[in-house]
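The values are calculated or read from the model by the stated rules, or taken from the named source; none is laboratory data. Only a predicted model underlies this, so the values are computations on that prediction, with no experimental measurement involved. Using ideal geometry, Cβ is built from the backbone for each residue, glycine included, and neighbour counts are taken over all protein chains shown. The accessibility values were calculated without ligands, DNA or RNA, using every heavy atom of the protein model including side chains. Shrake-Rupley method; radii C 1.70, N 1.55, O 1.52, S 1.80 Å.
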Amino acid sequence: MPDDLPIGRTMKAASTISVRDGHAIVKAGEFIEARFGAGTSPSLAARKTLALLIAKAAGEAWRPGSHVIAKRELRGTHNANDRIQDTLDELMDVKFQMPSTSAQGRAATLTAALLAWTLNEHAEDGRATVEWEFTAPARAILQGSDYYARLNRAALLAFRSKYAITLYEMGCLLAGRRNPTWSGTVDELRERLGAPSNSMPNFSDFRRLVLTPGKAEIDQLAAFTMDWVERRGARGKITHVTITFYPKDDDATNAAADEAERHSTGRRSRREGTAETIVDAASLIAVAATRMSVSDTLRWPADDRVDEFKTPELYAIGRTLGGGHAVQRLADQYVKVLKDRRRQLVGDALKADWTKWVTGCSAKWGRA
């Protein structure tokens, strides 16, 4: 698609949201509704990494040329840098399929890759990067896209089932619509989720391994709930499935947002109601921080990462006063605005400035 053609709503929204809300990911509806190519079922890490690449490129994703992301931004999907290359290799092989039109104007199916090439910088420090470019077909779709889903970054990264992530993206696209449903054959749903029939030949296995755990994670982490209805054919075999996504009320939505921000330890127990005592590490840190005086040795972290272990005082302020927004999101915006000044603030001055920033963002952005 030529550069001089109009840019659709999706890329415009991605540009705006990337500046105003680093906690959200805008994904084109075409890619959410696309099927994975035959024989491909991306791993959990690959699906998360793709979402992060799309978020990083934001409103520039449709343009020819490369995009760059720091490896530390991808570590939410990896334990170490040495796994990133495997995931990039996997994404290079991923194909998407969607309805299209041939040069003769007849109905056709477009099959194409998402990534044209990747460049993985071999360094282990915090400045190492990954560079990539989307393929021409992918860019054309992004340029013309007029509908999209707004994904919650923390929720997406919290999922532990690769199928649940795709169901979550479907829900983000459909929940809140007048008809918030997806309906199709079992085979169509398998293709949509990348759930091969040879690994789960019986629908009972598909229900047990895909739909049931997917619903459990969505009910715990998303701003909507999910349910489905099965329809049987003439011989009693389940042939069709209808999935419906219902928005939650405010209290349930806030509870899901809080859960997405919590450490994954104990999440399954909390979901299944088997945990008798749940210790919230962030709350303990916040209480401890209120009892501590911040000395002049408190400085902004060298790598700009505010977490509960290296910078507990700063993390506690962000966690308790940030309105439910991710602490690192608050920190990233703080770095962007203050620039070098953040290095000049120490001790109580840094604490006061960070507190003012966090409370200001909470008031401006509202509840996450």
When the chain is modelled as a GNM with alpha-carbon springs shorter than 10 Å, which of Glu131, Glu272, Glu308 fluctuates the most?
-> Glu272
Here are some pairs, Lys27/Lys56; Lys27/Lys336; Lys71/Lys364; Lys56/Lys356; which of them have Cα atoms lying more than 20 Å apart in this structure?
-> Lys27/Lys336; Lys71/Lys364; Lys56/Lys356
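Under a 1.4 Å probe, what is the accessible area of the chain per residue, stated in Å²?
Details: 18390 Å² over 368 residues.
With the other protein chains kept in place, the chain gives 50 Å² per residue.
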How do 170-176, 258-264 rank on mean C-beta neighbours within 10 Å, highest first?
-> 170-176, 258-264
Which percent of the accessible heavy-atom area of the chain goes to carbon and sulfur, probe 1.4 angstrom?
-> 50
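Compute the Rg to Rh ratio over segment 26-155 from the alpha carbon atoms, using the Kirkwood formula for Rh, and round to two decimal places. Don't skip to the answer; put the middle values down first.
On the way: Rg = 15.0 Å, Rh = 15.4 Å.
Looking at segment 26-155, the ratio lands at 0.97.
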Taking the convex hull of the Cα atoms, report for the chain its projected area averaged over all directions, in nm².
-> 21.4
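At a Förster distance of 22 Å, what's the computed FRET efficiency of Val337 paired with Ala70, Cβ-Cβ distance as r, to 0.05? Walk me through the numbers before you get to the answer.
Values: r = 19 Å, r/R0 = 0.85.
Rounded to the nearest 0.05, the efficiency is 0.70.
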J(HN,Hα) series, segment 94-110, from Karplus relation 6.51 cos²θ - 1.76 cosθ + 1.60, nearest Hz, glycine and proline x = 6, 10, 10, 10, 8, x, 8, 10, 6, 4, 8, x, 9, 4, 8, 10, 8
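List the DSSP H helices in the chain whose Cα atoms stretch 18 Å or more along the helix axis and whose mean Kyte-Doolittle hydropathy is at least -1.0.
What comes out of the filter, once short or polar helices are dropped, is 44-57, 162-174, 347-365.
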